[in-house]
Amino acid sequence: MKKQILLIMCAALMLSGCASAADKDKKTENSSASSQSKSSNTTIDSKTSGLPSLKDLYADDFYVGTAVSPYQLGDIDCMLLIKEQFNSMTCENEMKPDSILDKQTTLSDIDKYREAPAVHFDSCRSQLEFAEENGLKVRGHTLVWYSQTPEWLFYKDYDTNGELADRELMLKRMENYIKAVFEWADTEHPGLFYAWDVVNEAAADQGQAKRDCLWLQTIGDDYIEKAFEFARKYQPEGVKLYYNDYNAFQMNKQLEIIDFLKPVAEAGNIDGVGMQSHIGTWCDTESYGEAVRRYNKELGVEISITELDISKDNSDDWEKKQGDYAQKYMEKIIQLKNEGVPITSFTVWGVTDTSSWKKQESPLFFDGNLNPKPSFYGLVAAKDPEAAKTE
Ligand code: XIL
């Protein structure tokens with residue numbers, strides 16, 4: 001009964017963004033994060049508190065993160081699990097251009113906002129407060145992307161029935177957008193962000209060309225270079241600038257990505273490549289490892305695993321296979337790290353299978369009831385086989 005009342009209080013406080021107040025009533029936690037002092041003396045047992053902690057196991061290797069959506073923070077057990085397992089997070093959707101660009105304000109005075117569209121940060125507020133209160137660092141995701149970016153941004157008068165904006169105007173909008181986001185991060189959340197996906201998914205899937213998109217159509221072939229140039233100009237202190245993509249391990253796609261990032265690297269404007277890693281047990285860990293080495297060597301950048309999920313296959317024993325694969329995959333990451341490849345963060349794309357963007361493929365490491373799956377123990381066993389023993 002007492003637990004139920006506390007849970008309701010915690011949920012109410014979390015929903016109003018008061019993570020630290022809620023935390024006062026929970027049991028003491030073992031996180032090494034610096035702001036944990038704010039959340040000590042807690043009294044509720046979390047559903048998952050006895051598990052090995054990924055962030056503790058890999059504390060000397062890299063940040064361990066997850067994608068977070070605001071509603072998950074209203075679920076106390078899920079919120080506690082995030083705090084136990086992760087020391088980094090990415091907003092799953094709330095920092096994408098369609099969340100940050102403020103259409104209403106921009107359209108209210110087109111002349112005023114013509115070169116600098118208005119922005120607001122309401123959507124990500126609760127997640128960032130949660131991160132700050134609990135000592136998680138954040139990956140910014142994402143600035144320049146073909147998807148989840150409103151079409152009106154690319155039109156001269158912000159009117160999709162009118163003409164597309166020309167190169168000069170779009171360069172101004174791109175620069176001012178990046179500047180506004182980075183200045184907000186620096187002013188409102190100094191030290192919170194450690195990396196930012198400046199350009200996301202610019203490579204075409206068939207190889208040899210950049211993906212066709214409105215950034216390419218309006219600015220032209222050098223839009224990626226320009227995005228990184230502006231990002232470098234305004235980057236908040238301590239933030240690494242990333243290019244991020246899926247299937248970035250596939251040979252053709254990798255060569256294409258390296259090709260268009262070469263000038264960016266030569267200009268000194270990129271720090272990292274993000275391997276999204278929406279994969280399945282089919283993904284060959286040897287060629288994946290080769291790709292990671294090649295990015296590091298050819299571009300002189302660090303690497304992050306930014307969105308790992310491992311789709312199930314169609315077999316009856318898919319859970320075991322997924323678990324075995326997760327271990328093998330993680331052993332490869334550890335091997336690369338031990339060779340000296342600078343892998344600085346490792347993020348899984350969500351918390352539970354049922355909240356995954358690919359929920360039909362059960363690709364994550366906890367099931368819908370927050371029970372750890374064999375894939376969770378695979379990630380643990382790669383580092384510490386003893387800790388992964390369940391009996
Ligand atoms: C996905 C989110 O998980 C979904 O909730 C949303 O509907 C679509 O975007 N690559 C990326 C992520 O860079 O931003 C995407 O996230 C998954 C693929």
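The values are calculated or read from the model by the stated rules, or taken from the named source; none is laboratory data. Quick caveat, the model's predicted, so the values are computed rather than measured. Because the Cβ atoms are built from the backbone with ideal geometry, glycine has one as well, and the counts that use them run over all protein chains shown. Areas reflect the complete protein model, heavy atoms only, side chains present, ligands, DNA and RNA absent. Shrake-Rupley method; radii C 1.70, N 1.55, O 1.52, S 1.80 Å.
Can you confirm whether LEU153 is under 19 Å from VAL239 (Cα atoms), more than 16 Å from the ligand (Cβ to nearest atom) and either buried (at least 16 other Cβ atoms within 10 Å of the Cβ) or of a type in the set (Val, Ile, Thr) (or both)? So that I can check it myself, show each step before the final result.
Numbers: under 19 Å from VAL239 (Cα atoms): no; more than 16 Å from the ligand (Cβ to nearest atom): yes; either buried (at least 16 other Cβ atoms within 10 Å of the Cβ) or of a type in the set (Val, Ile, Thr) (or both): yes.
No.
Which numbered condition trips up TYR146, out of (1) farther than 30 Å from PHE366 by Cα; (2) away from the ligand (no atom under 16 Å from the Cβ)?
TYR146 satisfies every listed condition except (2).
Has segment 117-125 got any residue that is part of a helix (DSSP H, G or I) and either modelled with pLDDT of 95 or more or of a type in the set (Ser, Thr, Tyr) (or both)?
Within segment 117-125 (the criterion being part of a helix (DSSP H, G or I) and either modelled with pLDDT of 95 or more or of a type in the set (Ser, Thr, Tyr) (or both)), the answer is yes, since at least one residue qualifies.
Mind telling me which of the residues GLU133, GLU151 ends up being under 20 Å from the mean Cα position of the chain (by Cα), acidic (Asp, Glu) and modelled with pLDDT of 95 or more? Even if it seems obvious, please write down each step before you answer.
Working: GLU151 fails: under 20 Å from the mean Cα position of the chain (by Cα).
Exactly one residue qualifies, and that residue is GLU133.
In this structure, is GLU94 within 16 Å of the ligand (Cβ to nearest atom) and either open to solvent by less than 30 Å² (accessible area, probe 1.4 Å) or touching a residue at least 60 places away in the same chain (Cβ under 8 Å) (or both)?
Working: within 16 Å of the ligand (Cβ to nearest atom): yes; either open to solvent by less than 30 Å² (accessible area, probe 1.4 Å) or touching a residue at least 60 places away in the same chain (Cβ under 8 Å) (or both): yes.
The answer is yes for GLU94.
Looking at segment 127-146, can you tell me whether even one residue there is more than 22 Å from VAL239 (Cα to Cα), buried (at least 18 other Cβ atoms within 10 Å of the Cβ) and out of contact with any Phe, Trp or Tyr (no Cβ under 7 Å at 6 or more places or on another chain)? Reasoning before the result, please.
Step one: list which residues in segment 127-146 are more than 22 Å from VAL239 (Cα to Cα), which gives 146.
Right, trim to buried (at least 18 other Cβ atoms within 10 Å of the Cβ) and you get none.
No, every residue in segment 127-146 fails to be more than 22 Å from VAL239 (Cα to Cα), buried (at least 18 other Cβ atoms within 10 Å of the Cβ) and out of contact with any Phe, Trp or Tyr (no Cβ under 7 Å at 6 or more places or on another chain).
What number goes with the only condition from (1) in contact with a Leu (Cβ under 8 Å, 6 or more places away or on another chain); (2) at pLDDT 95 or above that MET275 does not pass?
That leaves (1) as the condition not met.
With the requirement that a residue be of a type outside the set (Val, Ile, Thr) and in contact with a Phe, Trp or Tyr (Cβ under 9 Å, 6 or more places away or on another chain), what does segment 151-166 give you?
Pass one, segment 151-166, residues of a type outside the set (Val, Ile, Thr): 151-159, 161-166.
Hits for segment 151-166 are TRP152, LEU153, PHE154, TYR158, ASP159, ASN161, GLY162, GLU163, LEU164, ALA165.
With (1) farther than 30 Å from LYS359 by Cα; (2) part of a helix (DSSP H, G or I) as the list, and VAL341 as the residue in question, which single condition is left unmet?
Unmet for VAL341, out of (1) farther than 30 Å from LYS359 by Cα; (2) part of a helix (DSSP H, G or I): (2).
Considering only strands (runs of 3 or more DSSP E) fully contained in segment 238-330, which possess at least 3 residues that are of a type in the set (S, T, N, Q) and either within 16 Å of the ligand (Cβ to nearest atom) or crowded, with 22+ Cβ neighbours inside 10 Å (or both)? Lay out the reasoning, then the answer.
Numbers: elements: 240-245, 272-275, 278-280, 302-311.
Output list reads 302-311.
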